[in-house]
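Comments concern the structure below.
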Amino acid sequence: MGGSELKKALQHEVADRCKEFWSDQEQVVNERRKEIEREVATLDDQVRQQQKAACEHLQSELLARAERQAAHLRLQAEAELAKRLRHLATQQVMRLYQADRASYWERLANELPQATWEEILVAELDVEQAAQFFGEVSIRLSPNLSGGLIALREKGRIRIDNSLQIRVDRYWPTLLPRLLAQLRTMVKGDATP
């Protein structure tokens, strides 16, 4: 074997080894590429799951916040409505009282327990009727009273308030829920409850 044949044989062997080495390296690179693709796919899945969980959590928080705000607004609206209804109820009681003032006042006075009253507080329009009804008892004008009366004895330590305002106050906790329930029933078909 001569030098050129040896050189050719060596070149051929180097070329074969290079091809084999290159083929092996391509196979290693391809396997590593597949591993990386699997890792990237796994990371993508993890990121998607984390994003989905974060979105669901955020959505849940936003929904809860919106529900709290809606409940707060509903409570504010009901409080305002209760205030307006209270005012209307007071006005309606006054209208009814004014329609037959003398008769209603006498009914309220007759509800007082039998006692020796020292002083009776009344509205300006009821002073004369109170003086006739109670005789010798001191009758005093109370600018805060719109109707009814307040009876006092033992220098004011015993006080019976049978005024229209106290009547509304007394029945309001019972009346308000009924009114709100009726209003909710009325608007069910037309508006949100």
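The values are calculated or read from the model by the stated rules, or taken from the named source; none is laboratory data. On a predicted model such as this, the values are computed, not experimentally measured, just so you know. Backbone-built Cβ (ideal geometry, glycine too); neighbour counts: all protein chains shown. What goes into the accessible areas is simple: the full protein's heavy atoms, side chains included, and nothing from ligands, DNA or RNA. Shrake-Rupley method; radii C 1.70, N 1.55, O 1.52, S 1.80 Å.
Annotations for the structure displayed:
- Exclusive hit being among the charged types (D, E, K, R), exposed (fewer than 10 other Cβ atoms within 10 Å of the Cβ), modelled with pLDDT under 90 and out of contact with any Pro (no Cβ under 6 Å at 6 or more places or on another chain), set Glu13, Glu5, Glu20: Glu5
- Against the conditions (1) open to solvent by 70 Å² or more (accessible area, probe 1.4 Å); (2) of a type outside the set (Val, Ile, Thr); (3) out of contact with any strand residue (DSSP E or B) (no Cβ under 9 Å at 6 or more places or on another chain), Arg140 satisfies every one except (3).
- Candidates Leu85, Leu73, Leu62 - the one that is in contact with a Leu (Cβ under 6 Å, 6 or more places away or on another chain) and modelled with pLDDT of 90 or more: Leu85
- Close pairs (8 angstrom Cβ cut-off, 6 or more residues apart or separate chains): open to solvent by less than 70 Å² (accessible area, probe 1.4 Å) and assigned to a helix (DSSP H, G or I) in segment 170-186, at pLDDT 85 or above and acidic (Asp, Glu) anywhere: Leu180/Glu78
- Just one residue in the set Gln165, Gln92 is surrounded by 11 or more Cβ atoms within 10 Å (Cβ to Cβ) and in contact (Cβ under 8 Å) with a residue 24 or more places away in the chain; that residue is Gln165.
- So Arg68, is it assigned to a helix (DSSP H, G or I), under 30 Å from Leu121 (Cβ atoms) and open to solvent by 100 Å² or more (accessible area, probe 1.4 Å): no
- Looking across segment 99-116, the residues that are in contact (Cβ under 8 Å) with a residue 24 or more places away in the chain and open to solvent by 90 Å² or more (accessible area, probe 1.4 Å) come down to Glu111, Thr116.
- Asn144 being within 23 Å of Leu85 (Cα to Cα), in contact with a Leu (Cβ under 9 Å, 6 or more places away or on another chain) and at pLDDT below 90: yes
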